[in-house]
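The structure appears right after this line, and notes come after that.
The values are calculated or read from the model by the stated rules, or taken from the named source; none is laboratory data. None of these values were measured; they are calculated from a predicted model. Cβ coordinates were reconstructed from backbone atoms using ideal geometry, including for glycine residues, and neighbour counts include every protein chain displayed. With ligands, DNA and RNA removed, areas are computed over all heavy atoms of the protein, side chains included. Shrake-Rupley method; radii C 1.70, N 1.55, O 1.52, S 1.80 Å.
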Amino acid sequence: MSEATRGRRRSPRDLVGGTPTETWSLRFDDRELPAQTGQSIAAVLWSAGILAWRTTRETATPRGAFCGIGSCYDCLVTVNGRPNQRACLVPARPGDHVTTQEGTGHGDLAV
Amino acid sequence: MATSPSDLAVIGAGPAGLAAAVTAAGLGLRVTLLDAGERPGGQYYRHPAPGLGAARPEALHHGWAAFAAREAALRAHEAAGRITYLPFHHVWTVVPEGQGATADRAAPTWTLHAVAGPDEAPTIVRARAVLLATGAYERQLPFPGWTLPGVVGAGGAQAMLKSGLVLPGRRAVVAGSGPLLLAVAGSLAAAGARVPAVVEAAAYTGYAAHAPALLRNPGKLAEGATYGSALLRHGVRLLTRHAVTEAHGTDRVEAVTVARLDRDWRPLPGTARRIPCDAVAVGHGLVPQLELATGLGCATRPSPDATVALELDARQRTSVPGIWSAGETGGIGGAQLALAEGEIAAHSIAGRPVPARLVRSRTRLRAFAAAMAGAHRPGPGWTGWLREDTDVCRCEEVPASRIREAVEDLGARDARTVKLLTRAGMGWCQGRMCGPAVAALAGTGPAPDRRPLSCPVPLRHLAGLPADAPSELPPGLPPELPPELP
Ligand code: FES
């Protein structure tokens with residue numbers, strides 16, 4: 001498309017132009033991921049190539065964002081210790097610590 | 001909260017709700033506009049947050065000017081105090097005020113209960129009229145491997161791209177049915193993904209039967225041609241009468257099987273081939289989101305695409321006096337139709353005559369929508385893609401075998417009984433993802449959304465409700481409560 005993109009793969013950012021106002025890092029388990037103001041937690045994870053961030057209750061299989069709009073609840077994640085947050089809706093904020101959610105996210109309370 | 005009621009509460013700030021709110025405010029009504037999203041525009045006009053610094057958000061959109069004009073009007077009305085705009089507010093129930101006590105009044109005042117922001121703070125809005133512009137969500141038909149990471153909703157991939165400027169992968173197969181697929185493939189390709197194929201289960205020849213509706217909509221044809229040429233430019237192949245019948249991979253998707261279909265959507269033996277990919281964007285059109293409407297008792301009707309939509313009159317009135325609706329809730333029809341219907345509803349609510357040009361464009365666009373809906377209606381053969389161990393309900397991990405057992409051995413004759421026997425549809429999403437599939441396996445038609453609450457609501461808010469509302473809480477605990485509660 002534009003001169004900037006010649007010779008390498010285009011990206012979504014090339015398409016809409018502009019630059020993010022702020023970039024910081026989001027803590028996901030023990031990793032630091034680049035995050036930009038305005039991205040949802042799911043978007044930050046997808047940007048880093050991470051597509052799964054929870055395991056299911058019954059069969060412990062990996063899941064991540066599916067519907068992308070808050071209807072499927074497949075993207076549940078633990079944010080700052082609060083489980084069952086929809087990663088596709090929750091905006092990423094500086095200082096957030098996001099952790100993989102296993103099962104109900106309440107493993108510590110299981111009886 | 002004893003604030004005086006608004007003249008109109010609009011639920012949803014997508015094309016229909018936004019158009020209705022600014023038109024109504026322009027006609028002198030005091031409007032409260034509530035929306036679950038952070039920014040106006042709904043799913044269609046989803047766009048990057050300001051912090052992402054996008055200089056050309058319109059690059060991801062068709063008809064951006066129509067949105068920009070209405071957003072500017074919204075801001076002006078907001079500044080003048082004519083519209084109270086409440087983003088990040090999810091309305092979970094609407095109840096008539098003083099139900100029973102003021103039965104003498106023909107038009108009750110409505111109370112809207114919402115949860116606001118990430119902290120889910122309870123909020124109440126009162127209004128004399130309500131416009132439901134709650135839109136739609138994507139219809140999914142399960143197939144083996146559809147729960148693998150990297151398999152995402154086609155609309156979901158589009159939404160994440162539009163709002164977060166991200167892609168699920170670099171090589172994405174787009175599959176399912178409906179015109180949205182072309183738009184999604186075009187956006188993914190423009191944003192740098194390789195799209196080896198758009199796999200469309202319907203035959204576009206289905207449109208031929210509706211030539212008059214097509215010809216009266218040159219704008220819509222041009223829109224289709226735009227998508228078509230974008231796909232050509234990016235070297236995307238369009239395979240009609242084909243479906244992704246399986247996704248392969250261990251921790252994430254690595255390839256799909258694509259097969260040719262007969263006219264009932266049964267895969268033809270010997271036609272399967274594998275396409276390597278690291279993402280699959282899949283969807284079979286949209287389903288009107290009706291739970292607030294059905295909770296209020298609004299009448300519904302079957303649509304040609306095998307979904308259920310609201311029964312609306314020429315003035316966008318539902319069957320419940322005081323409740324209007326516009327946009328996808330009245331049948332899937334796209335953004336242009338939603339804008340027209342929102343404006344019609346606003347005139348109607350303000351007690352003004354509806355401009356003839358709006359009525360004409362609605363008639364024309366509805367005819368086009370009906371033609372399209374019929375062409376992309378799922379064929380019965382799709383259930384042949386399922387294997388016994390394919391999870392149909394993603395939330396509760398209920399495989400096809402358990403649903404078939406409920407139907408064949410235990411005699412379940414409808415989706416509701418299947419749900420009670422298998423828990424399919426009882427999880428977090430309340431059947432939004434598996435509902436159409438479960439209904440098909442139960443051998444019944446689609447049922448309108450019936451969910452006691454339109455989103456999970458903290459128990460403490462329910463405890464604070466008056467005893468007579470909402471009227472339809474299920475016995476026992478609502479399933480959307482965290483599962484560890486007793
Ligand atoms: S991806 Fe469906 S709710 Fe977040």
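Take the conditions (1) within 13 Å of chain A (Cβ to nearest Cβ); (2) within 25 Å of residue B:374 (Cα to Cα); (3) more than 18 Å from the chain's Cα centre (by Cα); (4) at pLDDT 95 or above; residue B:173 misses just one of them, which is (1). Residues in segment A:34-46 that are at the interface with chain B (Cβ under 7 Å from one of its Cβ atoms) and more than 8 Å from the chain's Cα centre (by Cα): A:36, A:37, A:38, A:39. Screening B:74, B:86 for residues that are of a type in the set (A, V, I, L, M, F, W, C), modelled with pLDDT of 90 or more and under 14 Å from residue B:9 (Cβ atoms) leaves exactly one candidate, B:86.
Per the conditions (1) buried (at least 24 other Cβ atoms within 10 Å of the Cβ); (2) within 11 Å of the chain's Cα centre (by Cα); (3) more than 16 Å from the ligand (Cβ to nearest atom), the sole criterion not satisfied by residue A:51 is (3).
Considering only helices (runs of 4 or more DSSP H) fully contained in segment B:398-486, which possess at least 3 residues that are modelled with pLDDT of 70 or more?
B:400-408, B:415-422, B:435-441
Residues that are among the hydrophobic types (A, V, I, L, M, F, W, C) number at least 3 in the following strands (runs of 3 or more DSSP E) confined to segment B:228-336: B:242-249, B:253-260, B:279-284, B:308-310. Out of everything in segment B:1-39 that is modelled with pLDDT under 95 and away from chain A (no Cβ under 14 Å), what residue ends up being most open to solvent (accessible area, probe 1.4 Å)? Residue satisfying both the conditions and the ranking: B:1. For residue A:57, indicate whether it is in a loop (DSSP other than H, G, I, E, B) and more than 8 Å from chain B (Cβ to nearest Cβ). No; evaluated as a whole, the condition is false for this residue. Comparison of B:66, B:59, B:55 shows that the only residue that is more than 23 Å from residue B:322 (Cβ to Cβ), without any contact (Cβ under 8 Å) to a residue 60 or more places away in the chain and not hydroxyl-bearing (Ser, Thr, Tyr) is B:55. For the structure I just gave you, tell me whether residue A:43 is among the aliphatic types (A, V, I, L, M), within 14 Å of the ligand (Cβ to nearest atom) and touching a Ser or Thr at 6+ places or on another chain (Cβ under 9 Å). Taking the combined requirement at face value, the residue satisfies it.
When you scan segment B:377-385, do you find a residue that is farther than 29 Å from residue B:422 by Cβ and either modelled with pLDDT of 90 or more or not aromatic (Phe, Trp, Tyr) (or both), even just one? No: segment B:377-385 contains no residue that is farther than 29 Å from residue B:422 by Cβ and either modelled with pLDDT of 90 or more or not aromatic (Phe, Trp, Tyr) (or both). One residue stands out in segment A:57-74 among those that are small (Gly, Ala, Ser) and within 14 Å of the ligand (Cβ to nearest atom): the one that is surrounded by the fewest Cβ atoms within 10 Å (Cβ to Cβ), namely A:70.
Selection of segment B:130-151 for residues being of a type in the set (Phe, Trp, Tyr) and within 11 Å of chain A (Cβ to nearest Cβ) yields B:137, B:146.
Looking at residue B:127, is it in a loop (DSSP other than H, G, I, E, B), open to solvent by less than 10 Å² (accessible area, probe 1.4 Å) and away from chain A (no Cβ under 14 Å)? Against the criterion (in a loop (DSSP other than H, G, I, E, B), open to solvent by less than 10 Å² (accessible area, probe 1.4 Å) and away from chain A (no Cβ under 14 Å)), residue B:127 does not qualify. If you filter segment A:80-103 down to residues that are more than 9 Å from the ligand (Cβ to nearest atom) and crowded, with 21+ Cβ neighbours inside 10 Å, you find that the one that is nearest to the other protein chains (Cβ to nearest Cβ) is A:83. Looking at this structure, is residue A:27 crowded, with 24+ Cβ neighbours inside 10 Å, more than 9 Å from chain B (Cβ to nearest Cβ) and charged (D, E, K, R)? No, not satisfied.
Cβ separations smaller than 7 Å between residues 6+ apart or across chains give the following pairs from segment A:57-82 residues that are without any contact (Cβ under 8 Å) to a residue 24 or more places away in the chain to residues that are surrounded by fewer than 24 Cβ atoms within 10 Å (Cβ to Cβ) and of a type in the set (Phe, Trp, Tyr): A:73/B:428.
In the set (1) buried (at least 23 other Cβ atoms within 10 Å of the Cβ); (2) away from the ligand (no atom under 14 Å from the Cβ); (3) more than 8 Å from every other protein chain (Cβ to nearest Cβ), the condition left unmet by residue A:77 is number (2).
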